[in-house]
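Quick notes on the structure that follows.
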Amino acid sequence: MRTKVAIIGAGPAGLLLGQLLHKFGIDNVILERQSPDYVLGRIRAGLLEEGTVALLDEVGAATRAHAEGLLHEGIELAFSGRRHRIDMKAATGKTVMIYGQTEVTLDLMNARKAAGLTSIYEAADVEPHDFDGGHPRVTWVKDGVTHEIDCDFIAGCDGFHGISRASVKPPAIETFERVYPFGWLGILSETPPVSHELIYSNHARGFALCTMRSMHRSRYYVQCSLDDHIDQWPDDRFWDELKRRLDQKAVDQLVTGPSIEKSIAPLRSFVAEPMRFGRMFLAGDAAHIVPPTGAKGLNLAASDAHYLSVALREYYDEKSSAGIDAYSDKALKRVWKAVRFSWWMTSMLHKFPDTGTIGARIQLAELDYVTSSKAAMTSLAENYVGLPF
Ligand SMILES: Cc1cc2nc3c(=O)[nH]c(=O)nc-3n(C[C@H](O)[C@H](O)[C@H](O)COP(=O)(O)OP(=O)(O)OC[C@H]3O[C@@H](n4cnc5c(N)ncnc54)[C@H](O)[C@@H]3O)c2cc1C
(Lines give C-alpha, C1' and ligand atoms only; values in the text may rest on other atoms or scores of the structure.)
Protein backbone atom coordinates (compact mmCIF):
# COMPACT_ATOMS: atom_id res chain seq x y z
CA MET A 1 0.00 0.00 0.00
CA ARG A 2 1.06 3.57 -0.56
CA THR A 3 -0.34 6.96 0.45
CA LYS A 4 0.94 10.50 0.83
CA VAL A 5 0.13 10.84 4.54
CA ALA A 6 -0.34 7.89 6.91
CA ILE A 7 -2.32 9.11 9.90
CA ILE A 8 -2.07 7.13 13.14
CA GLY A 9 -5.19 7.58 15.29
CA ALA A 10 -8.84 8.30 14.44
CA GLY A 11 -9.63 10.75 17.23
CA PRO A 12 -10.58 14.36 16.46
CA ALA A 13 -7.00 15.30 15.42
CA GLY A 14 -6.58 12.40 12.96
CA LEU A 15 -10.09 12.58 11.49
CA LEU A 16 -10.04 16.35 11.02
CA LEU A 17 -6.55 16.27 9.53
CA GLY A 18 -7.69 13.53 7.13
CA GLN A 19 -10.64 15.63 5.91
CA LEU A 20 -8.58 18.83 5.57
CA LEU A 21 -5.92 16.98 3.56
CA HIS A 22 -8.61 15.40 1.39
CA LYS A 23 -10.01 18.86 0.68
CA PHE A 24 -6.53 19.89 -0.53
CA GLY A 25 -6.34 16.78 -2.75
CA ILE A 26 -3.77 15.02 -0.53
CA ASP A 27 -4.57 11.33 -0.15
CA ASN A 28 -4.28 9.79 3.29
CA VAL A 29 -4.98 6.58 5.17
CA ILE A 30 -5.97 6.38 8.84
CA LEU A 31 -4.84 3.53 11.10
CA GLU A 32 -6.76 3.21 14.37
CA ARG A 33 -6.19 0.70 17.13
CA GLN A 34 -9.78 0.57 18.35
CA SER A 35 -13.13 -0.19 16.66
CA PRO A 36 -15.38 2.71 15.49
CA ASP A 37 -17.89 1.92 18.27
CA TYR A 38 -15.19 2.02 20.92
CA VAL A 39 -13.95 5.41 19.66
CA LEU A 40 -17.52 6.75 19.65
CA GLY A 41 -18.18 5.43 23.14
CA ARG A 42 -15.52 7.61 24.78
CA ILE A 43 -17.17 10.51 26.62
CA ARG A 44 -14.74 13.41 26.63
CA ALA A 45 -14.77 17.08 25.67
CA GLY A 46 -17.84 19.11 24.81
CA LEU A 47 -16.96 22.73 24.12
CA LEU A 48 -15.92 24.03 20.70
CA GLU A 49 -14.25 27.36 19.94
CA GLU A 50 -15.51 29.30 16.90
CA GLY A 51 -12.25 28.44 15.11
CA THR A 52 -12.91 24.71 15.60
CA VAL A 53 -16.45 25.04 14.26
CA ALA A 54 -15.07 26.96 11.26
CA LEU A 55 -12.70 24.06 10.51
CA LEU A 56 -15.62 21.61 10.68
CA ASP A 57 -17.46 23.93 8.28
CA GLU A 58 -14.44 23.94 5.98
CA VAL A 59 -14.64 20.15 5.59
CA GLY A 60 -18.45 20.09 5.36
CA ALA A 61 -18.90 18.35 8.72
CA ALA A 62 -20.65 21.05 10.73
CA THR A 63 -24.28 20.81 9.59
CA ARG A 64 -25.45 18.88 12.64
CA ALA A 65 -23.30 21.01 14.98
CA HIS A 66 -25.04 24.16 13.72
CA ALA A 67 -28.46 22.51 14.11
CA GLU A 68 -27.95 20.88 17.50
CA GLY A 69 -25.04 22.72 19.16
CA LEU A 70 -25.78 25.27 21.88
CA LEU A 71 -24.15 28.68 21.54
CA HIS A 72 -22.94 30.15 24.83
CA GLU A 73 -22.12 33.81 25.28
CA GLY A 74 -20.78 33.59 28.82
CA ILE A 75 -19.75 31.44 31.78
CA GLU A 76 -20.33 31.84 35.49
CA LEU A 77 -17.71 31.72 38.21
CA ALA A 78 -19.10 30.74 41.64
CA PHE A 79 -17.28 31.47 44.89
CA SER A 80 -18.14 32.59 48.43
CA GLY A 81 -21.75 31.47 47.87
CA ARG A 82 -22.39 33.72 44.86
CA ARG A 83 -22.20 33.45 41.08
CA HIS A 84 -20.58 36.05 38.81
CA ARG A 85 -21.05 36.07 35.05
CA ILE A 86 -18.25 36.63 32.54
CA ASP A 87 -19.88 37.97 29.38
CA MET A 88 -17.54 36.59 26.73
CA LYS A 89 -19.58 37.87 23.81
CA ALA A 90 -19.50 41.44 25.16
CA ALA A 91 -15.76 41.20 25.86
CA THR A 92 -14.65 39.54 22.62
CA GLY A 93 -17.58 39.45 20.19
CA LYS A 94 -17.25 35.65 20.19
CA THR A 95 -19.21 32.68 21.51
CA VAL A 96 -18.41 29.01 22.17
CA MET A 97 -20.49 26.01 21.12
CA ILE A 98 -21.56 23.11 23.31
CA TYR A 99 -21.39 20.03 21.09
CA GLY A 100 -19.99 16.74 22.33
CA GLN A 101 -16.68 15.31 21.14
CA THR A 102 -18.57 12.07 20.38
CA GLU A 103 -20.78 13.99 17.94
CA VAL A 104 -17.80 15.76 16.34
CA THR A 105 -16.13 12.36 15.89
CA LEU A 106 -19.28 10.82 14.39
CA ASP A 107 -19.72 13.72 11.96
CA LEU A 108 -16.08 13.47 10.84
CA MET A 109 -16.31 9.68 10.51
CA ASN A 110 -19.41 10.05 8.33
CA ALA A 111 -17.71 12.71 6.18
CA ARG A 112 -14.73 10.38 5.73
CA LYS A 113 -16.99 7.50 4.78
CA ALA A 114 -18.92 9.68 2.31
CA ALA A 115 -15.63 10.74 0.68
CA GLY A 116 -14.65 7.09 0.28
CA LEU A 117 -11.37 7.49 2.20
CA THR A 118 -9.57 4.51 3.70
CA SER A 119 -9.63 4.02 7.48
CA ILE A 120 -8.34 0.81 9.00
CA TYR A 121 -9.86 0.21 12.44
CA GLU A 122 -8.74 -2.46 14.90
CA ALA A 123 -5.18 -2.22 13.58
CA ALA A 124 -2.94 -3.79 16.23
CA ASP A 125 0.75 -3.12 16.89
CA VAL A 126 0.85 -0.01 14.68
CA GLU A 127 4.45 1.17 14.31
CA PRO A 128 5.99 4.13 12.48
CA HIS A 129 9.36 3.38 10.79
CA ASP A 130 12.20 5.29 9.08
CA PHE A 131 10.70 8.73 9.58
CA ASP A 132 14.22 10.12 9.93
CA GLY A 133 15.00 9.11 6.34
CA GLY A 134 13.27 9.81 3.03
CA HIS A 135 11.03 6.72 2.97
CA PRO A 136 8.84 6.44 6.03
CA ARG A 137 6.42 3.54 6.41
CA VAL A 138 3.96 2.24 8.94
CA THR A 139 3.32 -1.40 9.83
CA TRP A 140 0.36 -2.95 11.66
CA VAL A 141 -1.24 -6.30 12.31
CA LYS A 142 -4.82 -7.07 11.36
CA ASP A 143 -6.45 -10.48 11.74
CA GLY A 144 -3.05 -11.97 12.49
CA VAL A 145 -1.46 -10.67 9.26
CA THR A 146 1.23 -7.95 9.20
CA HIS A 147 0.62 -5.10 6.75
CA GLU A 148 2.78 -2.20 5.63
CA ILE A 149 2.10 1.18 4.02
CA ASP A 150 4.73 3.42 2.38
CA CYS A 151 4.12 7.14 2.66
CA ASP A 152 5.68 10.57 2.29
CA PHE A 153 4.77 11.61 5.82
CA ILE A 154 3.42 10.15 9.06
CA ALA A 155 1.00 12.13 11.24
CA GLY A 156 1.04 10.91 14.83
CA CYS A 157 -2.50 11.73 16.00
CA ASP A 158 -2.67 8.82 18.43
CA GLY A 159 -3.27 10.59 21.72
CA PHE A 160 -1.26 10.71 24.93
CA HIS A 161 -0.65 6.93 25.13
CA GLY A 162 0.06 6.48 21.42
CA ILE A 163 3.04 4.92 19.71
CA SER A 164 4.15 7.92 17.64
CA ARG A 165 5.65 10.06 20.40
CA ALA A 166 6.94 6.92 22.14
CA SER A 167 8.91 6.06 18.97
CA VAL A 168 11.10 9.15 19.38
CA LYS A 169 13.95 8.84 21.84
CA PRO A 170 15.74 11.61 23.79
CA PRO A 171 17.58 13.85 23.09
CA ALA A 172 15.46 14.31 19.95
CA ILE A 173 12.44 15.01 22.14
CA GLU A 174 12.03 17.07 25.32
CA THR A 175 8.97 16.80 27.55
CA PHE A 176 7.50 19.12 30.17
CA GLU A 177 4.97 17.79 32.66
CA ARG A 178 2.95 18.65 35.71
CA VAL A 179 0.59 16.12 37.27
CA TYR A 180 -1.97 17.82 39.53
CA PRO A 181 -2.61 16.33 42.99
CA PHE A 182 -6.32 15.62 42.30
CA GLY A 183 -8.67 14.29 39.62
CA TRP A 184 -12.13 15.02 38.21
CA LEU A 185 -14.99 12.67 38.93
CA GLY A 186 -17.52 13.19 36.14
CA ILE A 187 -21.00 11.91 35.48
CA LEU A 188 -23.31 12.17 32.52
CA SER A 189 -27.05 12.13 33.16
CA GLU A 190 -30.21 12.43 31.07
CA THR A 191 -31.31 15.52 32.99
CA PRO A 192 -31.76 19.17 31.95
CA PRO A 193 -28.73 21.35 32.81
CA VAL A 194 -28.92 23.26 36.09
CA SER A 195 -28.22 26.52 34.26
CA HIS A 196 -28.11 27.53 30.58
CA GLU A 197 -24.41 28.40 30.90
CA LEU A 198 -21.46 26.61 32.52
CA ILE A 199 -20.86 27.14 36.25
CA TYR A 200 -17.26 26.86 37.51
CA SER A 201 -17.28 26.66 41.30
CA ASN A 202 -14.42 27.31 43.72
CA HIS A 203 -15.43 25.80 47.06
CA ALA A 204 -13.70 24.92 50.33
CA ARG A 205 -14.61 21.25 49.66
CA GLY A 206 -13.06 21.41 46.18
CA PHE A 207 -13.86 22.43 42.63
CA ALA A 208 -17.13 21.63 40.84
CA LEU A 209 -18.24 22.18 37.25
CA CYS A 210 -21.76 22.14 35.85
CA THR A 211 -21.74 21.67 32.09
CA MET A 212 -23.88 19.93 29.51
CA ARG A 213 -24.02 18.15 26.18
CA SER A 214 -27.55 19.27 25.22
CA MET A 215 -30.70 20.69 26.84
CA HIS A 216 -31.56 17.15 27.98
CA ARG A 217 -28.14 15.80 28.89
CA SER A 218 -25.92 17.20 31.65
CA ARG A 219 -22.30 16.65 32.56
CA TYR A 220 -21.18 17.41 36.11
CA TYR A 221 -17.75 17.14 37.70
CA VAL A 222 -16.40 17.32 41.24
CA GLN A 223 -12.74 17.48 42.17
CA CYS A 224 -11.77 14.18 43.82
CA SER A 225 -8.73 12.47 45.25
CA LEU A 226 -6.42 10.57 42.93
CA ASP A 227 -6.95 7.56 45.21
CA ASP A 228 -10.73 7.58 44.69
CA HIS A 229 -12.41 4.85 42.67
CA ILE A 230 -15.83 5.17 40.97
CA ASP A 231 -17.14 2.25 43.07
CA GLN A 232 -16.82 4.58 46.09
CA TRP A 233 -19.07 7.11 44.36
CA PRO A 234 -22.65 5.84 44.00
CA ASP A 235 -24.89 8.43 42.30
CA ASP A 236 -26.44 9.66 45.57
CA ARG A 237 -23.04 10.43 47.04
CA PHE A 238 -22.06 12.30 43.87
CA TRP A 239 -25.21 14.47 43.83
CA ASP A 240 -24.84 15.24 47.56
CA GLU A 241 -21.24 16.30 47.09
CA LEU A 242 -22.04 18.42 44.04
CA LYS A 243 -24.83 20.21 45.95
CA ARG A 244 -22.45 21.03 48.80
CA ARG A 245 -20.18 22.84 46.34
CA LEU A 246 -22.89 24.94 44.61
CA ASP A 247 -24.77 28.10 45.59
CA GLN A 248 -28.31 27.77 47.00
CA LYS A 249 -30.03 28.84 43.76
CA ALA A 250 -28.19 26.15 41.81
CA VAL A 251 -28.99 23.55 44.49
CA ASP A 252 -32.68 24.46 44.24
CA GLN A 253 -32.64 24.17 40.44
CA LEU A 254 -30.51 21.04 40.13
CA VAL A 255 -32.35 18.08 38.60
CA THR A 256 -30.69 14.81 39.57
CA GLY A 257 -31.08 11.40 37.95
CA PRO A 258 -29.24 8.15 37.35
CA SER A 259 -25.79 8.50 35.80
CA ILE A 260 -25.35 7.00 32.32
CA GLU A 261 -21.56 7.34 32.50
CA LYS A 262 -19.20 7.90 35.39
CA SER A 263 -15.43 8.21 35.28
CA ILE A 264 -12.41 9.68 37.05
CA ALA A 265 -9.83 11.56 35.00
CA PRO A 266 -6.42 12.65 36.30
CA LEU A 267 -5.36 16.24 35.53
CA ARG A 268 -2.09 16.88 33.76
CA SER A 269 -0.22 19.59 31.87
CA PHE A 270 2.18 18.05 29.35
CA VAL A 271 4.03 19.27 26.28
CA ALA A 272 6.46 17.42 24.01
CA GLU A 273 8.86 19.50 21.92
CA PRO A 274 9.32 19.63 18.99
CA MET A 275 6.21 18.42 17.16
CA ARG A 276 8.14 17.31 14.07
CA PHE A 277 10.74 14.55 13.74
CA GLY A 278 11.96 14.31 10.14
CA ARG A 279 8.97 13.03 8.20
CA MET A 280 6.75 12.43 11.23
CA PHE A 281 4.59 15.11 12.86
CA LEU A 282 2.69 14.98 16.14
CA ALA A 283 -0.73 16.59 16.51
CA GLY A 284 -3.28 16.80 19.33
CA ASP A 285 -2.95 14.87 22.58
CA ALA A 286 -0.01 12.92 21.13
CA ALA A 287 2.02 16.11 21.68
CA HIS A 288 0.28 17.88 24.56
CA ILE A 289 -2.27 17.49 27.35
CA VAL A 290 -4.02 20.22 29.28
CA PRO A 291 -6.25 19.91 32.34
CA PRO A 292 -9.86 20.22 31.08
CA THR A 293 -10.58 23.34 33.19
CA GLY A 294 -9.94 25.61 30.20
CA ALA A 295 -11.80 23.35 27.68
CA LYS A 296 -8.82 23.44 25.36
CA GLY A 297 -7.80 19.80 24.59
CA LEU A 298 -10.09 19.17 21.64
CA ASN A 299 -9.66 22.72 20.33
CA LEU A 300 -5.87 22.39 20.31
CA ALA A 301 -6.20 19.11 18.39
CA ALA A 302 -8.20 21.07 15.81
CA SER A 303 -5.72 23.95 15.51
CA ASP A 304 -2.80 21.49 15.13
CA ALA A 305 -4.70 19.71 12.33
CA HIS A 306 -5.25 23.09 10.66
CA TYR A 307 -1.57 24.15 10.85
CA LEU A 308 -0.37 20.74 9.63
CA SER A 309 -2.82 20.51 6.74
CA VAL A 310 -1.88 23.99 5.49
CA ALA A 311 1.83 23.14 5.76
CA LEU A 312 1.37 19.91 3.79
CA ARG A 313 -0.73 21.68 1.15
CA GLU A 314 2.14 24.15 0.69
CA TYR A 315 4.58 21.22 0.37
CA TYR A 316 2.59 19.49 -2.37
CA ASP A 317 1.10 22.47 -4.23
CA GLU A 318 3.95 24.97 -4.03
CA LYS A 319 6.82 22.48 -3.70
CA SER A 320 7.92 24.41 -0.61
CA SER A 321 9.10 22.96 2.71
CA ALA A 322 8.71 26.31 4.50
CA GLY A 323 5.33 25.34 5.99
CA ILE A 324 6.38 21.94 7.32
CA ASP A 325 9.62 23.46 8.66
CA ALA A 326 7.60 26.06 10.57
CA TYR A 327 4.81 23.68 11.75
CA SER A 328 6.25 22.77 15.13
CA ASP A 329 7.10 26.34 16.22
CA LYS A 330 3.78 27.69 14.99
CA ALA A 331 1.69 25.00 16.70
CA LEU A 332 3.70 25.14 19.94
CA LYS A 333 3.17 28.91 20.26
CA ARG A 334 -0.58 28.37 20.47
CA VAL A 335 -0.20 25.21 22.56
CA TRP A 336 1.86 26.93 25.27
CA LYS A 337 -0.68 29.75 25.57
CA ALA A 338 -3.45 27.18 26.08
CA VAL A 339 -1.26 25.30 28.56
CA ARG A 340 -0.78 28.53 30.50
CA PHE A 341 -4.48 29.39 30.46
CA SER A 342 -5.56 25.87 31.48
CA TRP A 343 -2.99 25.86 34.31
CA TRP A 344 -4.19 29.29 35.46
CA MET A 345 -7.88 28.31 35.49
CA THR A 346 -6.99 25.09 37.32
CA SER A 347 -4.87 26.97 39.88
CA MET A 348 -7.59 29.54 40.55
CA LEU A 349 -10.48 27.11 40.96
CA HIS A 350 -9.24 23.95 42.70
CA LYS A 351 -8.45 23.13 46.28
CA PHE A 352 -4.72 22.42 46.51
CA PRO A 353 -3.53 20.17 49.34
CA ASP A 354 -0.27 22.07 49.77
CA THR A 355 -1.13 25.79 49.63
CA GLY A 356 -3.09 26.04 52.89
CA THR A 357 -5.44 28.80 53.95
CA ILE A 358 -3.30 31.56 52.42
CA GLY A 359 -3.57 29.82 49.04
CA ALA A 360 -7.36 29.67 49.38
CA ARG A 361 -7.56 33.39 50.29
CA ILE A 362 -5.36 34.35 47.32
CA GLN A 363 -7.68 32.37 45.03
CA LEU A 364 -10.68 34.32 46.35
CA ALA A 365 -8.85 37.61 45.82
CA GLU A 366 -8.04 36.57 42.28
CA LEU A 367 -11.64 35.52 41.58
CA ASP A 368 -12.85 38.84 43.00
CA TYR A 369 -10.41 40.67 40.73
CA VAL A 370 -11.30 38.61 37.65
CA THR A 371 -15.03 39.21 38.13
CA SER A 372 -14.74 42.94 38.89
CA SER A 373 -12.01 44.22 36.55
CA LYS A 374 -13.01 44.70 32.91
CA ALA A 375 -9.42 44.10 31.80
CA ALA A 376 -9.17 40.81 33.75
CA MET A 377 -12.58 39.62 32.51
CA THR A 378 -11.58 40.40 28.94
CA SER A 379 -8.33 38.47 29.34
CA LEU A 380 -10.17 35.40 30.64
CA ALA A 381 -12.82 35.68 27.92
CA GLU A 382 -10.26 36.13 25.13
CA ASN A 383 -8.47 32.93 26.12
CA TYR A 384 -11.65 30.98 26.84
CA VAL A 385 -13.21 31.63 23.41
CA GLY A 386 -9.87 30.67 21.85
CA LEU A 387 -6.89 32.67 20.64
CA PRO A 388 -6.72 33.18 16.86
CA PHE A 389 -5.06 30.50 14.69
C1 LIG B 1 -11.25 11.08 30.10
C2 LIG B 1 -11.01 12.36 29.31
C3 LIG B 1 -11.86 13.45 29.48
C4 LIG B 1 -11.64 14.63 28.77
N5 LIG B 1 -12.46 15.71 28.97
C6 LIG B 1 -12.22 16.84 28.28
C7 LIG B 1 -13.02 17.99 28.47
O8 LIG B 1 -13.97 17.96 29.24
N9 LIG B 1 -12.72 19.12 27.75
C10 LIG B 1 -11.66 19.15 26.87
O11 LIG B 1 -11.42 20.16 26.21
N12 LIG B 1 -10.89 18.09 26.68
C13 LIG B 1 -11.14 16.95 27.36
N14 LIG B 1 -10.37 15.88 27.14
C15 LIG B 1 -9.32 16.02 26.16
C16 LIG B 1 -9.84 15.81 24.75
O17 LIG B 1 -10.77 14.77 24.74
C18 LIG B 1 -8.63 15.50 23.89
O19 LIG B 1 -7.80 16.64 23.91
C20 LIG B 1 -8.96 15.12 22.46
O21 LIG B 1 -9.58 13.86 22.43
C22 LIG B 1 -7.68 15.09 21.64
O23 LIG B 1 -7.91 14.48 20.39
P24 LIG B 1 -6.78 13.61 19.73
O25 LIG B 1 -7.36 13.18 18.43
O26 LIG B 1 -5.50 14.34 19.74
O27 LIG B 1 -6.55 12.35 20.70
P28 LIG B 1 -7.54 11.18 21.06
O29 LIG B 1 -8.94 11.62 21.10
O30 LIG B 1 -6.97 10.52 22.27
O31 LIG B 1 -7.42 10.19 19.83
C32 LIG B 1 -6.29 9.38 19.60
C33 LIG B 1 -6.70 8.15 18.85
O34 LIG B 1 -5.55 7.37 18.59
C35 LIG B 1 -5.84 6.01 18.86
N36 LIG B 1 -4.58 5.32 19.18
C37 LIG B 1 -3.87 5.39 20.32
N38 LIG B 1 -2.78 4.63 20.24
C39 LIG B 1 -2.79 4.08 19.02
C40 LIG B 1 -1.91 3.20 18.34
N41 LIG B 1 -0.80 2.72 18.92
N42 LIG B 1 -2.21 2.83 17.09
C43 LIG B 1 -3.34 3.29 16.48
N44 LIG B 1 -4.20 4.14 17.06
C45 LIG B 1 -3.94 4.53 18.33
C46 LIG B 1 -6.81 6.05 20.01
O47 LIG B 1 -7.58 4.86 20.10
C48 LIG B 1 -7.64 7.27 19.66
O49 LIG B 1 -8.77 6.94 18.88
C50 LIG B 1 -10.56 14.70 27.85
C51 LIG B 1 -9.72 13.60 27.67
C52 LIG B 1 -9.93 12.43 28.39
C53 LIG B 1 -9.00 11.25 28.18
- Message: Condition first: of a type in the set (Val, Ile, Thr), surrounded by fewer than 15 Cβ atoms within 10 Å (Cβ to Cβ), within 13 Å of the ligand (Cβ to nearest atom) and farther than 30 Å from Leu70 by Cα. Can you find one or more residues in segment 130-151 that meet it?
- Response: yes
- Message: Out of Asp125, Asp152, Asp130, Asp143, I need the residue that is closer than 24 Å to Gly25 by Cβ and of a type outside the set (Lys, Arg). Which one?
- Response: Asp152
- Query: out of contact with any Cys (no Cβ under 6 Å at 6 or more places or on another chain), within 27 Å of Tyr99 (Cβ to Cβ) and modelled with pLDDT of 95 or more: does that describe Lys319?
  - Reply: no
- Query: For Leu108, which of the numbered conditions (1) surrounded by fewer than 18 Cβ atoms within 10 Å (Cβ to Cβ); (2) not in a strand (DSSP E or B) fails to hold?
  - Reply: (1)
- Query: Only one of (1) more than 16 Å from the ligand (Cβ to nearest atom); (2) of a type in the set (Ser, Thr, Tyr); (3) open to solvent by less than 10 Å² (accessible area, probe 1.4 Å) is not met by Ser320, so which one is it?
  - Reply: (3)
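In segment 327-348, which residues are in contact with a helix residue (DSSP H, G or I) (Cβ under 7 Å, 6 or more places away or on another chain) and open to solvent by 40 Å² or more (accessible area, probe 1.4 Å)?
Correct list: Lys330 only.
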- Message: Looking at (1) of a type in the set (Gly, Ala, Ser); (2) within 16 Å of Glu32 (Cβ to Cβ); (3) not in a helix (DSSP H, G or I), which one does Gly116 not meet, given that it meets all the others?
- Response: (2)
- Query: Cβ-Cβ below 9 Å, separation at least six or inter-chain, first residue in segment 102-116 and under 14 Å from Gly69 (Cβ atoms) and more than 13 Å from the ligand (Cβ to nearest atom), second open to solvent by 30 Å² or more (accessible area, probe 1.4 Å) and polar (S, T, N, Q): which pairs?
  - Reply: Asp107/Thr63
- Item | Residue list for segment 349-367, restricted to those being over 20 Å from the mean Cα position of the chain (by Cα), touching a residue at least 40 places away in the same chain (Cβ under 8 Å) and surrounded by 13 or more Cβ atoms within 10 Å (Cβ to Cβ) | Lys351, Phe352, Ala360, Gln363, Leu364, Leu367
- Task: Hey, can you tell me all the residues within segment 331-389 that are farther than 21 Å from Glu73 by Cα and among the charged types (D, E, K, R)?
- Result: Lys333, Arg334, Lys337, Arg340, Lys351, Asp354, Arg361, Glu366
- Message: If a residue must be in contact (Cβ under 8 Å) with a residue 40 or more places away in the chain and of a type in the set (Ser, Thr, Tyr), how many such residues does segment 373-389 contain?
- Response: 2
- Message: So in segment 83-101, with the set limited to residues that are in a loop (DSSP other than H, G, I, E, B) and away from the ligand (no atom under 15 Å from the Cβ), which one is surrounded by the fewest Cβ atoms within 10 Å (Cβ to Cβ)?
- Response: Gly93
- Item | Filter result for Leu242 (more than 21 Å from Tyr180 (Cα to Cα) and in contact with a Ser or Thr (Cβ under 9 Å, 6 or more places away or on another chain)) | no
- Message: I need a count of the residues in segment 22-60 that are modelled with pLDDT of 95 or more and within 7 Å of the ligand (Cβ to nearest atom).
- Response: 6
- Task: Enumerate the pairs (first residue in segment 196-224 and at positive phi; second residue anywhere and part of a strand (DSSP E or B) and within 15 Å of the ligand (Cβ to nearest atom)) with beta-carbon separation below 7 Å, excluding pairs fewer than 6 apart on the same chain, so at least 6 apart or on different chains.
- Result: Gly206/Val222; Gly206/Gln223
- Do you know which residues across segment 152-170 are open to solvent by 70 Å² or more (accessible area, probe 1.4 Å) and at pLDDT 95 or above? His161
- Task: List the number of the failed condition for Leu70; all other conditions in (1) within 16 Å of the ligand (Cβ to nearest atom); (2) within 19 Å of the chain's Cα centre (by Cα); (3) within 25 Å of Ile289 (Cα to Cα) hold.
- Result: (3)
- How many residues does segment 272-287 contain that are open to solvent by less than 10 Å² (accessible area, probe 1.4 Å) and either within 13 Å of the ligand (Cβ to nearest atom) or assigned to a helix (DSSP H, G or I) (or both)? 8
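The values are calculated or read from the model by the stated rules, or taken from the named source; none is laboratory data. Here the structure is a predicted model, which means the values were calculated and not measured. For neighbour counting, all protein chains shown are included, and Cβ atoms are generated from backbone atoms with ideal geometry for every residue, glycine included. Remember, those area values only see protein heavy atoms, side chains included, never the ligands or the DNA or RNA. Shrake-Rupley method; radii C 1.70, N 1.55, O 1.52, S 1.80 Å.
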